[in-house]
Amino acid sequence: MTSLSDQSHLRPPWWRNERILKVLLQVAFVVAVLLVFGILAQNLLASMRRLGISLGFRFLGNSANFGITEGLIPYDPSESYLKALVVGAVNTLWLSAVSIVLATVMGFVLGIARLSSNWLARQLATVITEIFRNVPVLLIVIFWYQGVILTLPGVRNSLSIGGLIFINQRGVNLPSLDLSGWFIPALAIVIGAGWGIRKLLLARRPELGSLQRNLWISAGVALLTVACWVLFPEPPVRLDIPVLERFNFRGGIQLSAEFTAMMLGLVTYTGCYIAEVVRGSFLAVPRGQWEAARAIGLSELQTFRLVIVPQALRIMIPSLNTQYLTLIKNSSLAIAVGFSDLFNISSTIINQSGRSVEMFAILMATYLTFNLVVSYGMNWLNARVKLVER
Amino acid sequence: MPSSLSSPLVEEEKVLPPTEKQSPLAWVRRNLFDSWLSTLLTLVSALVLAWAVSLFWNWAFTQARWEVIPANLKIFASGTYPGSQLWRVWAVLGIVLATLGVAGGAWGGVLLHYLILLGAAMGLAAFLPLGTQSQGWLAACSGATFAAIALSRGRESWRLASIWVWALILPLCLELLLGDLGPNWPAVRAEQLSGLLLTLILAAAAMIIGFPIGVLLALGRANRALPVIRIFCTLVIELVRGVPLTTILFAAWLLVPFFLGGISVNLIIRAEVAFILFTAVYVAEDVRGGLQSIPLGQLEAARALGLNPFQVTALVILPQALRAAVPALVNEFLTLFKDTSLVFIVGLIDLLQAGRVVFTNPNWLGTQREVLFFIGVVYFICCFAMAYAAKQVEKALGLGKR
C-alpha cells in the first residue's frame, strides 16, 4: 500500500513540469530579445561614434533654415526645427480632418446608393467603388495632381463656379467667412433671444405644437439677425470672396494644388472603402427590423431614421475607426506631391541634420498619438451608441 | 377510402408561385422611376454618367497619345533591368508559369481557369508586332503553361508536390534573375530589378514570408499562458500598426544601416523587410480575429482527446481560425499589393514609379494621363483577379455556410 507521500515520485520530473517549462521558455525569450537589442544598440552607438554624432533632442532648437510652402500657422525659415515640425503636424491634422469629413460624406452617399432600389444609381456607385478600391492610393493622388490639377488652366483663366469659387493650376480658392469684432455680441444676442422666446412660448402658449413653436422661434431669430446686420456699425459676418490680382488671388481660403490633390486622392480612395463599410453595416441590420417597423405603422423614412440608422451606426463605428486611422497614415504620402505634412518635413530635417534616430522616435510618437486620439474619440462614440445591456 | 375518393375526381392543382413576367417598360418603371426620389436619382446618375463618359470619350479618342504605352512596354514590365539580359526575365516567367501550370492542372478550380486565360492571352499576344524576340518568348511561355497543364491534369497525387516544389523554384528564379551566369551574362545588380517585375517580387515575397510570421505573432498575442511573449507580440503589433508604411520604409532606408554595424545589406532586401514586417502585423490582427471566433469548446475537446498544446494549436485551432480569416487576409494581401507602390520612398522603381519615369521623359511629356490610366488598369486587373479568386476559394471552403 502506497501512502500519499510516496506518490511524489509519480509526478513528472521538473524538466517536464509544464509550469517550470513555461517560466524557462519566457526567461529564454527575454534573454534572446535583450541580446538582440543589446547588439543592435551597441552597433548604433558604434556607428554614431564613427560619424561623430550623439543622441539627444537638443538639435530641435536649432534654426531650420528651410522654407515651408504652406501652413496653417505662420512660420519663418529662421525659426527652430521644433516649430517646423509643429507646422507639419498641424498640416497633417488639417489635411486628415478635412479628408475624413469629406470621405465620410462620400462614403455614405455611395454606400447608400449601392443599396438603393434604383438600378442606375446602384450600378454607378458599384462601378465607382470598384474602380477606386482596386488601384493604389498613391496612383490616385498622382493622377489628381499631375493628371488633373496641373493640367487645369492658369491663374488668369481660372475656372469659376458662380463667381465664388475659382479653380486653377495652383489650387482652389474658396470664399471664407470674415468675422468682425461684432460677431460675438451678435451671436450672444441671437442665441439669448432664441432661448428667451422658447421660454416665453412654453410659459404663455403651452398649447402650441413643437412645429409651430419652432416656427415662431426661427422667425424671431431671423428677425434679430437681420436687425443686427442693419443696426451694428459693421456687419458681424462678411463673405470674403477671392479676388484676382496681378499674380494670384487674394482673400478667401486658398487650397494649394498639392493640398487639393492629396485631399481628393484620400477622399476618393477612403470614401470608397467607407462606402463598403456603410453598405455592409446596413445589410447587417436584420430584415425583420424593416418589416417590424413598417408593421407598427412607421413610414419608410421614419423606419430608416429611427430604426435602421441607429443600428447600422452601431455596427459601422469600429470599421469606420479603422478607415480613419488608415487615412491619417496614408496622409504621409503627401511627400509624393510635395505637400508639407509631418512626414515630408521630418524627411527634410533628417536630410539636413542627419538626426534619423531621434526623428523616427518623434515620428512614431506623433503618429501613435494621432491614432490613439482618433481611436479614443471613436470608442467614446461607440460607447454612446452601443446597445445598453444589463 | 378517402384517398381513392379524392385522387381521380378532384385533380390536384399545383399552385406555383406567380412567375414574374415583366415587360421592359415595367422593369424600367420599377427600377428607375418608382417614386419621385427614384426618378431624381435616375436623372442625377444619368447626368453624371453622361458627363463622365463624354469627358473620357473625348480624351481617349481625340487627345490621348496612346502610342506611349507600346513604346515603353519594356520599362513598365521590367524598368531598368538591362536590355541585353532580358531573356532571363522571360525564362523566369516561363518557369513560374510552368510551375503554376502543374499546380493548376493538379488542383483545378479557379487557378486553372486563370492559367488557361493567361496562356491564351499570351498566345494571342505573340501575334502582335512586338519584335521577334518578345513574340518568340510569349509563344514559348504560352506553350510552357499549356504543356504543364496537360502534363498534370487530373493527377491529384501531385497536389502537395506542386506546392513544395516552390521551395526549389524560387531560389532558382532569383539566381536566374540576378546571378553571374558566365562571361556573357554577368550578375545583375538587385537595384536594377524594377517595373512590374519589382512590384510582383516585393508583393510575393512579403506575402510568403510575412504570413507565417504574422500567424506566429497572432498566436503569441493570443497565448495567455506565456505573458512575456504575449506582451512582446502585442507591443510589436501595435507599434508597427500605429505608424505609416512610409515611415517604416524610410526607417529601413536610413535608420537600419545604423543598427547593422557596418554590414551593408541590399536596399531591396531592407525595403522587403519593411514590407514583411508590415504584412506580418496586419496578418496577425486578421488571424487574431479568426482565433477569437473559435469557440473555447474546441480547445477543451482537443485537450480532452489528449492532444498536447502544440497539436491543439496546429491541428484544431489554427486551421479553423485561418479559414475564418480568409476574407480579411485577402483584403490584407490586396492592400499590400497596392502598397508596394510606396517603395518610391526609398528610391526604388516599381510599376508606378516606372510610369512616372516614362511621362517625365522629354519625348513623352504630357502623357501622364495615358500612362497613369494604363498603370491603373494593370493594378485593377491584378486586384480584381485576386479578389475574384478569393471569392471562389471562400465558396469552396464553405465560408458562412457551415
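The values are calculated or read from the model by the stated rules, or taken from the named source; none is laboratory data. Note that this is a predicted model, so its numbers are computed, not measured. Cβ coordinates were reconstructed from backbone atoms using ideal geometry, including for glycine residues, and neighbour counts include every protein chain displayed. All accessible areas refer to the heavy atoms of the entire protein, side chains included, with ligands and DNA or RNA removed. Shrake-Rupley method; radii C 1.70, N 1.55, O 1.52, S 1.80 Å.
Tabulated results
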{"item": "Segment A:346-376-segment A:158-216 distance, computed between alpha-carbon centres (Å)", "result": "40"}
{"item": "Computed accessible area, A:Arg250, all protein chains, 1.4 angstrom probe, square angstrom", "result": "150"}
{"item": "Relative contact order of chain A, pairs being alpha-carbon contacts under 8 Å that are 6 or more residues apart, as %", "result": "21"}
{"item": "Approximate spin-label separation B:Leu307-A:Glu130, in nm, with each point projected 7 Å along Cα-to-Cβ", "result": "4.0"}
{"item": "Coil-residue trypsin sites (Lys or Arg not before Pro) of segment A:197-236, DSSP, other Cβ within 10 Å capped at 11", "result": "none"}
{"item": "Rounded to 10°, Cα long-axis angle of helix A:342-353 versus longest principal axis of chain A", "result": "60"}
{"item": "Per-residue SASA entry for B:Thr62, accessible area with 1.4 Å probe, Å² rounded to 10", "result": "100"}
{"item": "Qualifying trypsin sites (Lys or Arg not before Pro) in segment B:207-266, DSSP loop, other Cβ atoms within 10 Å at most 16", "result": "B:Arg224"}
{"item": "Cα pair count fraction exceeding 23 Å, expressed as % - segment B:164-254", "result": "47"}
{"item": "Among the listed pairs A:Lys83/A:Lys329; A:Lys386/B:Lys391; A:Lys386/B:Lys395; B:Lys74/B:Lys338; B:Lys338/B:Lys395, those beyond 30 Å (Cα-Cα)", "result": "A:Lys386/B:Lys391; A:Lys386/B:Lys395"}
{"item": "A:Arg49 versus A:Arg198: modelled label distance in nm, points set 7 Å from Cα along the beta carbon direction", "result": "7.1"}
{"item": "Overall Cα dimensions of segment A:61-200 - principal axes, largest extent first, Å", "result": "62, 52, 35"}
{"item": "Longest site-free stretch - chain B; sites: GluC sites (Glu not before Pro), DSSP loop, at most 13 other Cβ within 10 Å", "result": "B:68-402"}
{"item": "Cut-off under 5 Å, modelled amide H: who pairs with B:Asp350 long-range", "result": "B:Gly195"}
{"item": "Longest exposed-site-free window of chain A, the sites being GluC sites (Glu not before Pro) in a DSSP loop that have at most 10 other C-beta atoms within 10 Å", "result": "A:1-206"}
{"item": "Largest-first principal axis extents, alpha carbons of chain B, Å", "result": "99, 70, 50"}
{"item": "Candidate residues A:Thr366, B:Thr340: accessible-area rank, largest first, probe 1.4 Å", "result": "A:Thr366, B:Thr340"}
{"item": "Segment B:82-188: C-alpha gyration tensor shape, a/c 1.5 cut-off, then a/b vs b/c", "result": "oblate"}
{"item": "Rg ratio (alpha-carbon, reference 2.2 N^0.38 Å) - segment A:179-240", "result": "1.29"}
{"item": "Selection of chymotrypsin sites (Phe, Trp or Tyr not before Pro), segment B:54-110, meeting DSSP coil and at most 15 other Cβ within 10 Å", "result": "B:Trp66"}
{"item": "Probe 1.4 Å - accessible area at A:Trp380, Å² to nearest ten", "result": "140"}
{"item": "Scattering curve values for segment A:103-143, log₁₀ I(q)/I(0), Debye with Cα scatterers, q = 0.14, 0.19, 0.29, 0.31 Å⁻¹", "result": "-0.35, -0.58, -0.95, -1.00"}
{"item": "Mean separation of Cα contacts under 8 Å (6+ apart) over length of segment A:151-297, as relative contact order %", "result": "30"}
{"item": "Positive-end residue, the protein assembly as shown charge dipole about Cα centroid, Cβ charges, pick of B:Met207, A:Ile308, A:Gly209", "result": "A:Gly209"}
{"item": "D_trans [Stokes-Einstein, Kirkwood Rh over alpha-carbon pairs] for segment A:250-390, 37 °C, 0.692 mPa s, µm² s⁻¹", "result": "179"}
{"item": "Gain on full stretching of the segment that runs from B:Gln22 to B:Ala120 - 0.36 nm per residue minus C-alpha separation", "result": "31.3 nm"}
{"item": "As computed over segment B:192-332, the Cα convex hull volume per residue (Å³)", "result": "129"}
{"item": "Choice from A:Ser158, A:Ser346, A:Ser331 showing the highest fluctuation, given a GNM over chain A with Cα pairs closer than 10 Å", "result": "A:Ser158"}
{"item": "Three-way shape call for the protein assembly as shown based on the alpha-carbon gyration tensor, with the a/c threshold at 1.5", "result": "rounded"}
{"item": "Relative contact order, percent, chain B [alpha-carbon distance under 8 Å, six or more residues apart]", "result": "18"}
{"item": "Coarse-grained scattering of chain A at q = 0.08, 0.09, 0.12 Å⁻¹, given as base-10 log I(q)/I(0) from a Debye sum over alpha-carbon atoms", "result": "-0.71, -0.86, -1.24"}
